[in-house]
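The next block holds one structure in the form of structure tokens; read it before the comments.
The values are calculated or read from the model by the stated rules, or taken from the named source; none is laboratory data. All figures in this text were calculated on a predicted structure; none of them were measured in a lab. A quick note on method: Cβ atoms are made from the backbone with ideal geometry, for glycine too, and the neighbour counts reach across all protein chains shown. Note: accessible area is taken over every heavy atom of the protein model, side chains too, but ligands, DNA and RNA are not part of it. Shrake-Rupley method; radii C 1.70, N 1.55, O 1.52, S 1.80 Å.
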Amino acid sequence: MTSKANNGILQRAKICVLVMLATFTGMTANAQNRKFTLEDLNFGGNNYHNMIPGNRYLAWWGDQLVRLDVEECYTVNKKTGEEKLLFTLDDVNKWAGTKADSAKIHHLLYASFPYPDKPIVLIGRKNERLLIDFKAKKTVWKQKAEGETHADWNAHSRAVAFVKNENLYVTDAEGTTRKLTTDGSHDIVYGQSVHRDEFGIYKGTFWSNNGEKLAFYRMDQSMVPDYPLVDIDTRIATLQPTKYPMAGEASHKVTVGVYDLTTGKTVYLKAGDPTDRYFTNIAWSPTDEAVYMIEVNRDQTDMELVKYDATTGEKLSTLYKEHHDKYVHPVTPITFLPWDTDKFILQSEKDGYNHLYLFNTKGEQLKQITSGKWVVLELVGFNPEAKTAIIVSTECSPIQNNIYAVNIETGKRTLLDDGLGMHAAAFGDGRHRTAMLSASGKYAFDKYSEPDVPRNIDIINTEKAERINYFTAENPWAGYDVPEYSCGTLKAADGVTDLYYRMVKPVNFDPNKKYPTVVYVYGGPGIRNVEASWHYASRSWETYMAQKGYLLFILDNRGSCDRGRDFEQATFRHLGIEEMKDQMKGVEFLKSLAYVDTTRMGVHGWSFGGYMTTSLMTTYPDVFKVGVAGGPVIDWKWYEVMYGERYMDTPQTNPEGYAETSLINKAKNLKGKLQIIIGTDDPTVVPQHALAFIKKCNEVGTYPDFYVYPGEGHNMMGHYSVHLHERITQYFEEFLK
């Protein structure tokens, strides 16, 4: 590790004990500051856009950085940060030959520059995509885009794949549209994400490098039962069922097709019977003659990297196998080295932490590129000239994201940022960070924050490890009553593992007073709540509650993400048990603080956090007085196959674990006030969970409160979110304060 990284750790240690104070400190000054409302703080609020840190929307045109705005695009000097006007919205509409108002391009925020060496911008408008030469000042190409969903456009062939009326289509550069499938339906799904967005899957079409071939998913879910969601907005309520494969029940069958634009033919990869198998992480060979795919058994204990002939669909070879007695969890395709097409990088947790491994196309592991008790979060891309990979990792701290250049030959890592905070907070499709890296990999833009930094953007030279500050956001909360935010660690229930927590103290905090305290919890896999970003990643609702005189406490227990395989797998086959033990260590810590009123402790969480909230309320009924559980899982046998069986196995093979973690039989333990909130059309945690718990409470004589958002899904969208958080707040105000 570099000396800069060591300095970063020392500075980070200081940050973790930092107490964030309001802009104007002192009781008198605070009393004069403005108060927040949920319209200010909540993402659905009318004033929310004025209360978030300023930003710059950026894209790369080759190695030229471009700032995108509503009405202008600017080039950005990478050495000075100075901007120069490139073109305006009026220019683009003029060059596009826009006449009717209905055909106008309304903003430039989604403009892109698909050709590094050409002055071409890709712009979308109603039912059409355009390529405009902004130096020649004219449109050079058009393509109809009417009725497309799940559109996937390729810059090389200029062909687009899309779904329309349940079937998959391709329109080529000349405008010829071909219908690739005919049996698409509610039961047969084409060109869309499969396996319920697990395994890193976020789309269903995958263009070859030259854009002449298209790999795509076909999902047969006819054997999966319909779950009955209801539309109440029709004159007579109508069914809007969703396919929902529950743990231990029938799952869908996925196959992968390959369409050749040149021949017009489609073949399917000959992967064998797809029953109880998952096909993930599709990648093309550099020469487009082969498709690589990671295949996982239903038990998710084994993965194989398999190579297929893209022309015939024949299986060519199995290059790699990995087994773990609990589970494997591949979420990234292999990535070929740009300077050596016979070598690729595979990511694996096989040594306990996600790291990079170099393989050749024979399937031989050549070396482990990165190692250590930290996690590679993402392989962003490469600088081919320097033969380095650009990665984001937790090497500096488990609550940080930092950017490194890694020499593929030597494994030497060079820190590219300041060693503090949460870096690389710019995302493209599928929440990947490739958008931040220039075409050559020599430059990157880095959006980041730190506990006392709302947002900065640096421009990084990845070869020289040099950076300049391009943008610094002002504090949008200046002049408001802002609580104190702090971060620390405590030991998990195993007595060994360090867990990170965030504390938000009430506005005008007085250590001689006792405060009602709310534990906000998620606790499940895939989420890290405590991070070294602005205010330690505190949710805005926490600030709202702190303004009302509550203390908020948030702890990332074992089972949460980005701490390595064993940290996550501590909860295997008994989700919620070890997590509760760790959360109670947090409660033990809170009880040691003189300013925490232990007679007024509440708990709140959503989804997995809703499960944890309900579980804590019914497992420790004398500890928590009030709880609000949103979209809660109640029994894992009603959750989906991929996620549920990864962490719990099936109800058939782990009946004890399912019985132990079910909250149905804990309904009788409820003493405090518990409010359960759901959306009636939740396709993620289906309403059966909450309804079954309420039914059991009716039987055993306990009395939770129940609130629903008709027509809403797993999360309340738009202004409903403001209503939701006021509802949650009122419940604590009425019963905890």
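So here's what we get for this one:
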| item | result |
| --- | --- |
| Among the residues listed as Leu130, Leu122, the single one being without any contact (Cβ under 8 Å) to a residue 40 or more places away in the chain and farther than 22 Å from Lys213 by Cβ | Leu130 |
| Criterion (part of a loop (DSSP other than H, G, I, E, B), of a type in the set (Lys, Arg) and at pLDDT 95 or above) met by exactly one of Lys362, Lys307, Lys367 | Lys362 |
| Some residue of the range 391-403 being among the small types (Gly, Ala, Ser) and over 25 Å from Tyr308 (Cα atoms) | yes |
| Filter result for Ala492 (closer than 17 Å to Asn401 by Cα, touching a strand residue (DSSP E or B) at 6+ places or on another chain (Cβ under 6 Å) and small (Gly, Ala, Ser)) | no |
| Among the candidates Leu736, Leu724, residue that is open to solvent by less than 60 Å² (accessible area, probe 1.4 Å), more than 30 Å from the chain's Cα centre (by Cα) and in contact (Cβ under 8 Å) with a residue 12 or more places away in the chain | Leu736 |
| Residue within the range 448-464 that is open to solvent by less than 30 Å² (accessible area, probe 1.4 Å), touching a residue at least 24 places away in the same chain (Cβ under 8 Å), touching a His at 6+ places or on another chain (Cβ under 6 Å) and over 30 Å from Lys673 (Cα atoms) present | yes |
| Filtered residue count, the range 53-90, keeping only those that are in contact with a Cys (Cβ under 8 Å, 6 or more places away or on another chain) and within 30 Å of Ser540 (Cβ to Cβ) | 1 |
| Residue count for the range 675-696, restricted to those that are open to solvent by 20 Å² or more (accessible area, probe 1.4 Å), within 18 Å of Tyr643 (Cβ to Cβ) and not in a helix (DSSP H, G or I) | 2 |
| Sole residue being buried (at least 24 other Cβ atoms within 10 Å of the Cβ) and acidic (Asp, Glu), chosen from Glu660, Glu645, Glu656, Glu640 | Glu645 |
| Identity of the residue in the range 87-123, within 23 Å of Ala155 (Cβ to Cβ) and among the acidic types (Asp, Glu), that ends up least open to solvent (accessible area, probe 1.4 Å) | Asp91 |
| Selection within the range 75-86 - free of Cβ contacts under 8 Å to residues at least 60 places away in the same chain, open to solvent by less than 50 Å² (accessible area, probe 1.4 Å) and within 32 Å of the chain's Cα centre (by Cα) | Thr75 |
| Met612 in contact with a helix residue (DSSP H, G or I) (Cβ under 9 Å, 6 or more places away or on another chain) and either within 26 Å of Arg646 (Cα to Cα) or among the aromatic types (Phe, Trp, Tyr) (or both) | yes |
| Members of the range 124-137 found to be exposed (fewer than 14 other Cβ atoms within 10 Å of the Cβ) and either at positive phi or not in a loop (DSSP other than H, G, I, E, B) (or both), listed by number | Asn127, Lys137 |
| Residue in the range 697-715 that is open to solvent by 60 Å² or more (accessible area, probe 1.4 Å), in contact (Cβ under 8 Å) with a residue 24 or more places away in the chain and within 24 Å of the chain's Cα centre (by Cα) present | yes |
| Positions within the range 493-537 being open to solvent by 10 Å² or more (accessible area, probe 1.4 Å), of a type in the set (Ser, Thr, Tyr) and within 17 Å of Val603 (Cβ to Cβ), in sequence order | Tyr501, Tyr515, Tyr520, Tyr522 |
| Residue among Val254, Val258, Val267 that alone is closer than 30 Å to Gly644 by Cβ, part of a strand (DSSP E or B) and aliphatic (A, V, I, L, M) | Val254 |
| Given (1) touching a residue at least 60 places away in the same chain (Cβ under 8 Å); (2) assigned to a loop (DSSP other than H, G, I, E, B); (3) among the hydrophobic types (A, V, I, L, M, F, W, C), index of the condition Ala444 fails | (2) |
| Hits in the range 215-251 - residues which are polar (S, T, N, Q) and either closer than 16 Å to Gln192 by Cβ or in a loop (DSSP other than H, G, I, E, B) (or both) | Gln221, Ser222, Thr234, Gln240, Thr242, Ser251 |
| Long-range neighbours under 9 Å by Cβ, at least six apart or interchain, first residue assigned to a loop (DSSP other than H, G, I, E, B) within the range 525-544, second crowded, with 19+ Cβ neighbours inside 10 Å and basic (Lys, Arg) | Pro525/Arg646; Arg528/Arg563; Asn529/Arg502; Val530/Arg502; Glu531/Arg502; Ala532/Arg12; Ser538/Arg502 |
| Lone unmet requirement of (1) aromatic (Phe, Trp, Tyr); (2) in contact with a Leu (Cβ under 8 Å, 6 or more places away or on another chain); (3) without any contact (Cβ under 8 Å) to a residue 60 or more places away in the chain for Tyr647 | (3) |
| Given (1) touching a residue at least 60 places away in the same chain (Cβ under 8 Å); (2) open to solvent by 60 Å² or more (accessible area, probe 1.4 Å), index of the condition Asp342 fails | (1) |
| Candidate set from the range 513-536 (those that are charged (D, E, K, R) and within 18 Å of the chain's Cα centre (by Cα)); member that is farthest from His574 (Cα to Cα) | Glu531 |
| Residue in the range 142-185 that is farthest from Thr263 (Cα to Cα), counting only those that are open to solvent by 50 Å² or more (accessible area, probe 1.4 Å), over 27 Å from the mean Cα position of the chain (by Cα) and acidic (Asp, Glu) | Glu146 |
| Matching option when the condition is farther than 16 Å from Leu575 by Cβ and either outside any strand (DSSP E or B) or among the aromatic types (Phe, Trp, Tyr) (or both), among Tyr707, Tyr647 | Tyr707 |
